[in-house]
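Inspection log for the structure reproduced underneath, given as structure tokens.
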Amino acid sequence: MSSPEQSDKTAEAHFQDGLAFSKLGDDRRTFESYKQAIELDPDHFLAHFNLGVRLGKLRMNLEASKSFREALRLKPEAPMVHYSLAVVSNFIGEFEDAFKHYKEAIRINPEFGRAHSNLAMLYYGVKSGKETIHHLSIAADLFKQTGDEFMEKNARNLIQECGREFSLTPEDCKTL
């Protein structure tokens with residue numbers, strides 16, 4: 001039974017509690033707070049999204065997928081939701097969905113370096129060399145623009161390795 005104080009809380013107040021509990025590392029109370037926010041407001045985008053993020057961090061990817069799908073229903077043009085859904089889809093073996101959502105994240109935000117990088121790895125998994133190098137090249141350039149030296153170096157090393165494996169150069173892969 002909830003106390004009068006709890007029952008008077010708004011969805012946003014429960015969501016804010018979830019953020020606070022998340023910072024404290026209190027998963028149980030984080031989940032409870034986000035779920036209470038959703039119960040009061042089924043269209044609370046950030047409660048669905050943050051619940052998915054938290055579930056994903058705990059490798060509860062099937063549950064995270066459900067939360068991200070709800071967030072996507074509410075904001076289909078949010079590239080980060082597509083990206084997050086692609087990540088968990090890949091983890092649970094839903095590769096077609098992973099491809100679809102990485103591509104959609106990139107369609108919405110062509111300068112989403114991590115989406116390009118992760119999409120490249122999916123293409124590598126199916127041995128599509130041209131697509132792999134194409135997206136790695138874009139990712140490397142984007143990481144350079146944002147000053148992410150580690151990710152840029154990693155992407156450029158992978159381009160070289162994949163180039164040798166597939167006998168392709170970045171110039172061969174500029175267009176698909």
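We did not get these values from a lab; they are worked out from the coordinates using the rules stated. Here the structure is a predicted model, which means the values were calculated and not measured. Glycine gets a Cβ as well: all are built from the backbone with ideal geometry, and neighbour counts include every protein chain shown.
Only lysines eight or more places from K144 in sequence, or on another chain, were considered; those with a Cα closer than 16 Å are K153. Orientation-averaged projection of the chain equals 11.3 nm² [convex hull of Cα atoms, one quarter of hull surface area]. Dividing the radius of gyration of the alpha carbons in region 110-176 by their Kirkwood radius gives 0.93 for Rg/Rh. Take 47-57, 142-152 and order them by the average number of nearby Cβ atoms within 10 Å per residue, most first; the result is 47-57, 142-152.
Could you work out how far helix 11-24 tilts from the main Cα principal axis of the chain, as a 0 to 90 degree angle to the nearest 10? Value to nearest ten degrees: 60. Please give the helix 45-57 orientation as an angle from the longest Cα principal axis of the chain, in degrees from 0 to 90, rounded to the nearest 10. Tilt relative to the chain: about 70 degrees.
Annotation: peptides 31-42, 161-172, ranked by per-residue average of other Cβ atoms within 10 Å with the highest first, follow the order 31-42, 161-172. Mean separation of Cα pairs under 8 Å and 6 or more residues apart, divided by the residue count, gives the chain a relative contact order of 11 percent.
Using a simple charge model, +1 on the beta-carbon of Lys and Arg, -1 on the beta-carbon of Asp and Glu, nothing else, what dipole does the chain show about its Cα centre, in debye to the nearest 20? Let's see the in-between values first.
On the way: 23 positive and 27 negative charges, 84 e Å.
For the chain, the charge dipole is close to 400 debye.
Each Cα pair under 8 Å and six or more residues apart adds its separation to the average, and for region 110-176 the resulting relative contact order is 34 percent. Only helical runs count toward this figure. For the chain, summing -39,500 (n - 2.57) over DSSP H runs of n ≥ 4 and dividing by all residues gives -24500 deg cm²/dmol at 222 nm. Taking a straight line from the alpha carbon of K23, these lysines sit under 21 Å away, with near neighbours fewer than eight places off in the same chain left out: K9, K35, K57.
Summing charges over all other residues whose Cβ lies under 10 Å from the Cβ of Y124, with Lys and Arg as +1 and Asp and Glu as -1, gives -2. Could you state the angle between the C-alpha long axis of helix 61-74 and the longest principal axis of the C-alpha atoms of the chain, as a value from 0 to 90 degrees rounded to the nearest 10? That works out to roughly 80 degrees. D97 sits among other residues whose Cβ lies under 13 Å from its own Cβ, and their net charge, with Lys and Arg +1 and Asp and Glu -1, is +1.
How charged is the neighbourhood of C173? Take every other residue with its Cβ under 9 Å from the Cβ of C173, and add Lys/Arg as +1 and Asp/Glu as -1.
Working: positive: K130, K174; negative: E131, E171, D172.
Charge balance near C173 sits at -1.
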